[in-house]
Every structure is written in C-alpha cells, then in structure tokens.
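Heads up, the thing below is written out as structure tokens.
The values are calculated or read from the model by the stated rules, or taken from the named source; none is laboratory data. Everything quoted here is computed from the prediction, not taken from an experiment. Heads up, the Cβs are rebuilt from the backbone with ideal geometry, glycines too, and the neighbour counts pull from every protein chain shown. Quick note on the areas: whole protein, heavy atoms, side chains included, nothing else; ligands and nucleic acids left out. Shrake-Rupley method; radii C 1.70, N 1.55, O 1.52, S 1.80 Å.
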Amino acid sequence: MIAGLRAIIFDCHALDLDISNLAIEVRSDSQLVVNQINETWKIKKSHLRELRESACELLDQFARFDVVWHPRSESVRILGH
C-alpha cells in the first residue's frame, strides 16, 4: 500500500495535480491491513504501527480517502493471479 501511494503521489506531482484536492479509494483484500489502517483493530507489533503511520501520512495528503476491503476473488480477477 505504501509503495502504491508513493507512486500515485509521484504521478500526481508529475502531472501537476494538487493531491490536497483529490479523493482516493484504496481497496485491499487484506482485512488485517484495512482494519488496522481504519483503526478498527489494534496493532500490537511496533513495526506494524510504524507502517500504519507511514501509510496514514501519505493518505492524509489527499482531501479525502477511504480504505475498503474487497474479496480476494476480486483481486484475482483484476490482477490475474
């Protein structure tokens, strides 16, 4: 997720888009990631807390964001694996 967000932000800057005016929806088939980012589940391991903080710092650059779960079958259909 972090690498993807960094790539989106880089591309937006390259296209001279102001991300503070953009909304983003992140979809993941990982309930763990979605629920930890959305603070539905607690994070016990410090390195995972650090990753969440990094992801949230990137997400906070957007005007609005949603992080939502979708079934693995949808990921397989979209990504082909």
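Summary of computed values
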| quantity | calculated |
| --- | --- |
| Matching residues in segment 64-75 - criterion: being among the charged types (D, E, K, R), over 22 Å from CYS12 (Cβ atoms) and open to solvent by 100 Å² or more (accessible area, probe 1.4 Å) | ARG72 |
| Selected residue [in contact with an Asp or Glu (Cβ under 6 Å, 6 or more places away or on another chain) and either at pLDDT 95 or above or not aromatic (Phe, Trp, Tyr) (or both)] from GLU25, GLU39 | GLU25 |
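To keep it simple, each residue is scored yes or no on (1) surrounded by 12 or more Cβ atoms within 10 Å (Cβ to Cβ); (2) touching a residue at least 12 places away in the same chain (Cβ under 8 Å).
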{"site": "ALA23", "(1), (2)": "no, yes"}
{"site": "VAL26", "(1), (2)": "yes, yes"}
{"site": "LYS42", "(1), (2)": "no, no"}
{"site": "ARG52", "(1), (2)": "yes, yes"}
{"site": "LEU59", "(1), (2)": "yes, yes"}
{"site": "PHE62", "(1), (2)": "yes, yes"}
{"site": "ARG77", "(1), (2)": "no, no"}
{"site": "GLY80", "(1), (2)": "no, no"}
